[in-house]
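Structure, as structure tokens:
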Amino acid sequence: MQAEPQAFDRVLSSMCTDPHPAAREAAERFLATNPGDPGSYPTVADLEDEVIDRLGEIAGLADPHGYVASGGTEANIQAVRISRNRAETETPNVVMSESGHFSFRKAANLLGVELRVVPVDDDRRIDLAAAQEAVDEETALVVGVAGSTEYGRVDPIPALGGVAEDVGALFHVDAAWGGFVLPFTDHEWHFSHAAVDTLTIDPHKMGQAAVPAGGLLVRDDDLLDELAVDTPYLESTSQATLTGTRSGAGVASAVAAIDELWPDGYHAQYERSQENAEWLARELRNRSYPVVEPELPIVAASVPGSLFEALRMDGWRISRTGANELRIVCMPHVTREILETFLADFDRLESRLPASVPGDD
Ligand code: 0PR
């Protein structure tokens with residue numbers, strides 16, 4: 001029997017979503033193209049330029065450079081690589097907070113840089129004083145998160161840019177997930193808000209494009225040059241990407257999604273997702289569970305471990321934070337109806353549990 005992909009109606013843990021129909025269709029049409037070889041596949045290469053222009057528009061960069069990566073991991077690795085190649089020391093370090101994504105651990109390991117992880121403050125944003133203390137003249141890169149993976153928090157980006165500037169380090173913002181919701185909030189997160197050098201923004205997350213479509217943006221072309229290697233047997237003469245052959249599906253799909261949704265569709269989606277997150281937070285709080293305020297559409301709540309397991313057994317795709325909270329990402333496919341069904345199951349399963357204390361694992 002042919003395997004079927006999972007339905008999205010019980011997936012509450014993913015940062016990816018059901019692609020917009022136009023994005024799905026574009027992905028299928030461009031499945032057999034390779035933007036890694038622009039000499040042979042010029043149409044998809046042009047589409048990639050278009051994605052970068054549109055991402056620049058979203059992230060406040062008038063003359064953007066960059067490329068469509070396999071995802072946020074690759075974009076983050078490449079940002080670290082740019083900074084390492086730029087650094088004038090043999091022992092460069094990268095400073096980020098403990099809320100930074102694990103892709104930076106991969107980057108540090110691959111690239112031989114020291115990762116200095118600093119604590120977060122009471123509201124789960126980078127502790128600025130600790131960041132200031134951690135940087136030195138060997139700091140190649142300071143990383144800020146704009147929409148953290150676990151709690152959807154946004155670091156104080158302009159101030160953190162100042163910390164980087166003080167020691168002559170580059171400044172990277174990881175808006176892999178947040179980039180398509182932050183434009184509709186008051187947060188300062190992008191190139192025109194702060195001295196940002198590089199930024200990750202993934203169409204395949206809140207951008208509603210098909211996987212694989214990550215985005216790396218750089219302020220100046222010469223930052224991308226740090227990544228370029230010569231490609232003697234291709235028509236193009238150099239390549240800045242980490243991967244060689246790449247999927248044209250993600251590229252075409254990103255253009256299609258952005259054409260359809262930027263800005264009004266994304267705005268409406270943000271409003272729906274945020275309202276859903278706030279509604280869910282209220283419902284869980286009404287049941288006496290401690291909830292982390294959803295500043296962006298991610299809800300974290302302390303619920304008994306046995307209830308979490310029972311929900312998983314019931315088919316709900318839910319995940320935990322590092323602190324063992326239930327974590328629900330209100331992606332576009334997570335409708336109010338789905339959340340109502342989830343809560344009905346939550347209540348049913350909770351009533352069958354042996355008496356437990358809220359927040360107790
Ligand atoms: N930066 C941030 C802030 C992210 O949240 C993520 C993905 C990345 C970078 C990496 O992006 P790619 O996966 O496209 O390379 N966050 C993960 C995800 O949703 C985190 C995760 C992992 C969440 C496992 C839940 C989980 O069960 O894929």
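A few notes on this one:
- In sequence order, calculated HN-Hα J values of region 162-175 (Karplus, 6.51, -1.76, 1.60; Hz; x Gly/Pro): x, 4, 5, 4, 4, 10, x, 8, 6, 10, 10, 10, 9, 10
- In order through region 29-45: 3J(HN,Hα) via Karplus (6.51 cos²θ - 1.76 cosθ + 1.60), integer Hz, x for Gly, Pro: 5, 9, 4, 9, 10, 9, x, x, 10, x, x, 8, 10, x, 5, 6, 5
- Loop-resident sites, region 186-275, for GluC sites (Glu not before Pro), counting at most 13 other Cβ within 10 Å (DSSP): E235
- Region 21-261, accessible surface, carbon-and-sulfur percent (1.4 angstrom probe): 46
- Proportion of all alpha-carbon pairs of the chain beyond 34 Å (%): 28
- Inter-site label distance for R317 and R352 at 7 Å from Cα along Cβ, in nm: 2.3
- D122, D136, ranked by accessible area, largest first (probe 1.4 Å): D122, D136
- Sum of -39500 (n - 2.57) over DSSP H runs of 4+, divided by residues of the chain (222 nm, nearest 500): -11500 deg cm²/dmol
- The H on the amide N of V120, modeled in the peptide plane, is under 5 Å from the matching H of E98, D127, each at least 5 residues off or on a different chain.
- Residues of the chain: accessible area per residue with a 1.4 Å probe, Å²: 42
- Across region 319-330, rounded Karplus estimates of 3J(HN,Hα) from the backbone phi angles (6.51 cos²θ - 1.76 cosθ + 1.60, θ = phi - 60°) give 10, 10, 7, x, 8, 6, 7, 5, 10, 10, 9, 7 Hz, Gly and Pro being marked x.
- With respect to the chain, whose longest principal axis is taken over its alpha-carbon atoms, helix 72-86 is tilted by about 40°.
- Rounded to the nearest 20 debye, dipole of region 264-352 from Cβ charges on Lys, Arg, Asp, Glu: 320
- Relative contact order of the chain, pairs being alpha-carbon contacts under 8 Å that are 6 or more residues apart, as %: 23
- Full-extension gain in nm, E340 to T231, via 0.36 nm per residue minus C-alpha separation: 33.9 nm
- For the chain, with +1 on Lys and Arg beta carbons and -1 on Asp and Glu, the positive-most of V291, A175, H101 along the dipole: V291
- Charged-residue dipole, Cβ positions (Lys, Arg, Asp, Glu), region 21-261 about Cα centre, Debye nearest 20: 820
- Total formal charge among the other residues, if their Cβ is under 12 angstrom from that of S99, Lys/Arg +1 and Asp/Glu -1: -4
The values are calculated or read from the model by the stated rules, or taken from the named source; none is laboratory data. Note that the coordinates shown come from a computational prediction; the quantities given were computed from them, not determined experimentally. Glycine gets a Cβ as well: all are built from the backbone with ideal geometry, and neighbour counts include every protein chain shown. Surface accessibility is based on the protein's heavy atoms, side chains included, excluding ligands, DNA and RNA. Shrake-Rupley method; radii C 1.70, N 1.55, O 1.52, S 1.80 Å.
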